[in-house]
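FYI, it's all coordinate maths here, none of it is from the lab. Small disclaimer: the values here were computed from a predicted structure and weren't measured. Neighbour counts run over all protein chains shown; Cβ positions are idealised from the backbone, glycine included.
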Amino acid sequence: MTARVEVQNLTVRYRDLVAVDDVSFSIPAGSTLGLVGESGSGKSTVARAVVGMITPDAGTALVDGEPVTGRSRRRAAQMVFQDPNSSLNPKLTVRQMLGEALRVHRIVPRGQVASRSVELLELVRLDGDVLDRYPAEFSGGQRQRLAIARAIAVEPTVLVADEPTSALDVSVQSAVLDLLRALRERLGLTVLFISHDLGVINAVADTVAVMQSGRLVEVSERAAFFANPRDPYSRMLLAAVSRLPESAVVSEPPPLSESSPIESPSP
Ligand SMILES: Nc1ncnc2c1ncn2[C@@H]1O[C@H](COP(=O)(O)OP(=O)(O)OP(=O)(O)O)[C@@H](O)[C@H]1O
Ligand SMILES: [Mg+2]
């Protein structure tokens, strides 16, 4: 299978700090790579390089074989951030936000922008009649669905999700996770999924990559990672989780359900 994402010898510095140090990995088309590691290990920096938000100091990030620079590449890889409150522009209605994404990249003819926007809302399991509402009128989980709708609006091949459920209420985390998995299947997305939650990684990832202090210390197939992590740091991460009660790490990922509950809008 061809790799949609190829990260080769990626190095990113912030002044004297080497945030990402000679990191290489690839993600085959349609596959999900789960990226884990302690806070500050460089996960988000890798994510930003993959979507072209930052330019590496050395090495490359390729999407579909091309460097992630310029408008077309920015379109090919889209990001969903941890906090929809800061990633959504509060001054734009849903119609304006989705319309802007669809028009900038000429995804559909002008006359079809509104109908495509409704389709996008349906894809993220929101009602089509919320087009003229502002982000503040939605719950946290719904706002993250809106951010996902905007990301997929430009028909990316790669979705980078950086802790997409960590800022959400526990009660809606699994529904958003379920939505992301359903969209991955439906749209054939290749996914880089960042989480500090190994239970979440176990539920979404085909392959697990572990970062420590800017370096990649392990890349393993999911089942192998959870059964027999190779790197001592990976073993430490897993041991820390299995000490917790009600750990989800050893369980199989739950089946992809057809629908998940839609939260009611906040009053
Ligand atoms: N814009 C920046 N300027 C300076 N230093 C930065 C910047 N962004 C990140 N860093 C530093 O680079 C290192 C890697 O940060 P990064 O955000 O990539 O880590 P992370 O693994 O995503 O952490 P977390 O789990 O907390 O989100 C950290 O030491 C961080 O403080
Ligand atoms: Mg981060």
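Computed from label points 7 Å out along Cα-Cβ, the spacing between ASP57 and GLU119 is 4.5 nm.
Out of residues 5 or more away from MET79 or on other chains, whose amide H comes under 5 Å of its own, with H placed 1.01 Å from N in the peptide plane? Correct list: VAL160.
In the chain, helices alone account for a calculated mean residue ellipticity at 222 nm of -10500 deg cm²/dmol, with every DSSP H run of four or more residues adding -39,500 (n - 2.57). Helix 94-104 and the longest principal axis of the C-alpha atoms of the chain enclose an angle of approximately 70°.
Determine, from the Cβ-Cβ distance of VAL154 and SER213 and an R0 of 41 Å, the FRET efficiency 1/(1 + (r/R0)^6), rounded to the nearest 0.05. Before the final figure, lay out each step's value.
Working: r = 34 Å, r/R0 = 0.83.
For VAL154 and SER213, the calculated efficiency is 0.75.
For segment 141-185, the alpha carbon convex hull comes to 63 Å³ per residue, rounded to a whole number.
Helix 232-242 and the long axis of the chain differ in direction by around 60°, with both axes built from C-alpha atoms. Extension gain for SER24-ARG133 works out to 35.0 nm (0.36 nm per residue, less the C-alpha to C-alpha distance).
Give the relative contact order (percent, whole number) for the chain; include only Cα pairs under 8 Å separated by 6+ residues.
Working: 508 pairs, mean separation 65.9, N = 267.
25 percent.
For segment 94-152, the alpha-carbon coordinates run over 31, 19, 18 Å along the three principal axes, in decreasing order.
Cα centroids of segment 18-32 and segment 62-134: 25 Å apart. Residue exposure proxy: SER115, SER213, SER195, ordered by other Cβ atoms within 10 angstrom of their Cβ from fewest to most, comes out as SER115, SER213, SER195. Segment ARG186..MET236, full-extension length gain: 14.4 nm, with 0.36 nm per residue of separation and the alpha-carbon distance subtracted. Near the amide H of VAL5, within less than 5 Å, lie the amide hydrogens of ILE27, ASP64, all on another chain or at least 5 residues away, with H placed in the peptide plane.
Kindly rank 102-110, 229-237 from highest to lowest mean number of other beta carbons found within 10 Å of each residue. Walk me through the numbers on the way to the answer.
On the way: 102-110: 13.9, 229-237: 16.7.
Taking the mean over residues of other Cβ atoms within 10 Å, the ranking is 229-237, 102-110.
For VAL217, VAL20, the sequence from fewest to most other C-beta atoms within 10 Å is VAL217, VAL20.
How big is the Cα convex hull of the chain in projection, averaged over all directions, in nm²? Present the calculation step by step, with values, prior to reporting the outcome.
On the way: hull surface 58.4 nm².
Mean projected area for the chain: 14.6 nm², to one decimal.
Within segment 69-204, the percentage of alpha carbon pairs spaced more than 25 angstrom apart rounds to 20%.
Against the empirical 2.2 N^0.38 Å scaling, what ratio does the C-alpha Rg of segment 30-129 come to? Please list the in-between numbers first.
Values: Rg = 16.1 Å, N = 100, 2.2 N^0.38 = 12.7 Å.
With N residues counted in segment 30-129, Rg over 2.2 N^0.38 Å equals 1.27.
With both labels modelled 7 Å from their Cα along Cα-to-Cβ, the ALA223 to ALA167 distance reads 3.7 nm. The percentage of C-alpha pairs in segment 150-226 whose separation is greater than 17 Å is 48%.
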